[in-house]
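K.L.:
Let me begin by handing over the structure; questions about it come next.
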Amino acid sequence: MVEGAVKIIYTKIYAPINRATYHSLKELNTAIWQALETQNSQLLKGRNYSRRLQFEEIERHTLMPLPVLPYQFKKHFYAKVIKNGHVNLGPDKHYYSVPYRFIGKRVKLLYSSTIVEIYSNYERIALHKRAKNPYGYTTDKDHMATTHRFVTDWTPDKFLEWAASIHEDVRLYILKILDRKQHPEQAYKSCLGVLGFAKKAGNERLIMACQRALSYGIYNYKTIQTILENKMDGYEESLFADELPMPNHDNIRGKDYYK
């Protein structure tokens, strides 16, 4: 029956429309639908009914409704929920929130081009619109531990206490990072990364890096990383102004010109 249907489509639809020239996909699709309707409305050989009549009288009322949303191809990804209550979708490097009680659990992310579903033991625990901005956060406030006064190993107070034990300017910088986010949990990884430089680079360098970053008014992990990697924490603001002489050039008039 399938091969027979292919033959019918080729002879009754493809052949007629192949005789004309179409200038857009819309024109071509319209011609296909017209040829298909003509074929379905013709009486079957030796019968007093057509395919269209059979469909309307017998089949239409048995059909189920079409899905509200079109089918989308989905992929899956496994990850562990980190202590800030989010899970990272590796292909996009984007973080999505889950209910705080799943912190530390391994979950399955089922994602399409538009949505991300998160499952634990075959139960869907979160649903988000897919976002593809790397290292960004998509957060449902009802998922957050702070909303429910749930205490984890990561809290704003703990990060601030840790920072204060290094220096007041480090504490101020961590406070600025926390204040920039709608939910404090979104800043926890940045805080952990910044404070981790105390062990990698030493307290003194971290203090100077935070002081310089505070003067820039930029508050994130990447800024501190850049300052330390480029040894900018040791630069003095007046270094070049004090030590480099003004070059001699005919187009440089100097201060005496304006007297």
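K.L.:
Hey, can you tell me all the residues within region 158-172 that are aromatic (F, W, Y) and at pLDDT 95 or above?
P.N.:
First, the residues of region 158-172 that are aromatic (F, W, Y): 159, 162.
Listed by number, the list is empty, since nothing qualifies.
K.L.:
Can I ask one more? Is it the case that region 129-141 has a residue that's out of contact with any helix residue (DSSP H, G or I) (no Cβ under 8 Å at 6 or more places or on another chain), surrounded by 18 or more Cβ atoms within 10 Å (Cβ to Cβ), within 30 Å of Q225 (Cβ to Cβ) and not aromatic (F, W, Y)? Give the steps one after another, and end with the answer.
P.N.:
Going residue by residue through region 129-141, those that are out of contact with any helix residue (DSSP H, G or I) (no Cβ under 8 Å at 6 or more places or on another chain) are 129-136, 138, 140.
After this cut, where a residue has to be surrounded by 18 or more Cβ atoms within 10 Å (Cβ to Cβ) as well, the list is 138.
Imposing the further condition that a residue be within 30 Å of Q225 (Cβ to Cβ) reduces the set to 138.
The next check asks that each one be not aromatic (F, W, Y); those that pass are 138.
There is at least one residue in region 129-141 that is out of contact with any helix residue (DSSP H, G or I) (no Cβ under 8 Å at 6 or more places or on another chain), surrounded by 18 or more Cβ atoms within 10 Å (Cβ to Cβ), within 30 Å of Q225 (Cβ to Cβ) and not aromatic (F, W, Y).
K.L.:
Considering region 214-226 alone, what residues qualify as being part of a helix (DSSP H, G or I), under 14 Å from L172 (Cβ atoms) and in contact (Cβ under 8 Å) with a residue 24 or more places away in the chain?
P.N.:
Those that are part of a helix (DSSP H, G or I), under 14 Å from L172 (Cβ atoms) and in contact (Cβ under 8 Å) with a residue 24 or more places away in the chain: L214, I224.
K.L.:
Confirm whether Q211 is surrounded by fewer than 20 Cβ atoms within 10 Å (Cβ to Cβ), touching a residue at least 24 places away in the same chain (Cβ under 8 Å) and of a type in the set (S, T, N, Q).
P.N.:
Working: surrounded by fewer than 20 Cβ atoms within 10 Å (Cβ to Cβ): yes; touching a residue at least 24 places away in the same chain (Cβ under 8 Å): yes; of a type in the set (S, T, N, Q): yes.
Against the criterion (surrounded by fewer than 20 Cβ atoms within 10 Å (Cβ to Cβ), touching a residue at least 24 places away in the same chain (Cβ under 8 Å) and of a type in the set (S, T, N, Q)), Q211 qualifies.
K.L.:
Restricting the first residue to region 154-167 and requiring it to be farther than 10 Å from A198 by Cβ, which pairs with a second residue that is in a helix (DSSP H, G or I) and among the polar types (S, T, N, Q) meet a Cβ separation below 9 Å and a spacing of at least six or different chains?
P.N.:
So the pair list comes out as T155/T146; P156/T146.
K.L.:
Same structure again: I'd like to know if region 61-74 contains one or more residues that are surrounded by 11 or more Cβ atoms within 10 Å (Cβ to Cβ), modelled with pLDDT of 90 or more and within 22 Å of the chain's Cα centre (by Cα). Show your work before the answer.
P.N.:
Filtering region 61-74 down to residues surrounded by 11 or more Cβ atoms within 10 Å (Cβ to Cβ) leaves 74.
Pick out the ones that are also modelled with pLDDT of 90 or more and you get 74.
From what's left, within 22 Å of the chain's Cα centre (by Cα): 74.
Within region 61-74, one or more residues are surrounded by 11 or more Cβ atoms within 10 Å (Cβ to Cβ), modelled with pLDDT of 90 or more and within 22 Å of the chain's Cα centre (by Cα).
K.L.:
Are there any strands (runs of 3 or more DSSP E) wholly within region 79-144 with 3 or more residues that are modelled with pLDDT of 90 or more and more than 15 Å from the chain's Cα centre (by Cα), and if so which? Step through it out loud before you land on a result.
P.N.:
Details: elements: 86-89, 94-97, 106-111, 115-120, 123-129.
Hits in region 79-144: 106-111, 123-129.
K.L.:
Moving to a separate point now. Might you let me know whether region 2-11 holds any residue that is under 45 Å from the mean Cα position of the chain (by Cα), surrounded by 10 or more Cβ atoms within 10 Å (Cβ to Cβ) and among the small types (G, A, S)?
P.N.:
No: zero hits.
K.L.:
Scanning for something modelled with pLDDT under 95, of a type in the set (S, T, N, Q) and surrounded by fewer than 19 Cβ atoms within 10 Å (Cβ to Cβ), does region 150-157 turn up at least one residue?
P.N.:
Residues of region 150-157 that are modelled with pLDDT under 95, as a first pass: 150-157.
Pick out the ones that are also of a type in the set (S, T, N, Q) and you get 152, 155.
Restricting the remaining residues to those that are surrounded by fewer than 19 Cβ atoms within 10 Å (Cβ to Cβ) gives 152, 155.
Yes - at least one qualifying residue is present in region 150-157.
The values are calculated or read from the model by the stated rules, or taken from the named source; none is laboratory data. This one's a predicted model, so the numbers in the text were calculated from it and none came from an experiment. Please note: Cβ atoms are built from the backbone with ideal geometry, for glycine as well, and neighbour counts cover all protein chains shown.
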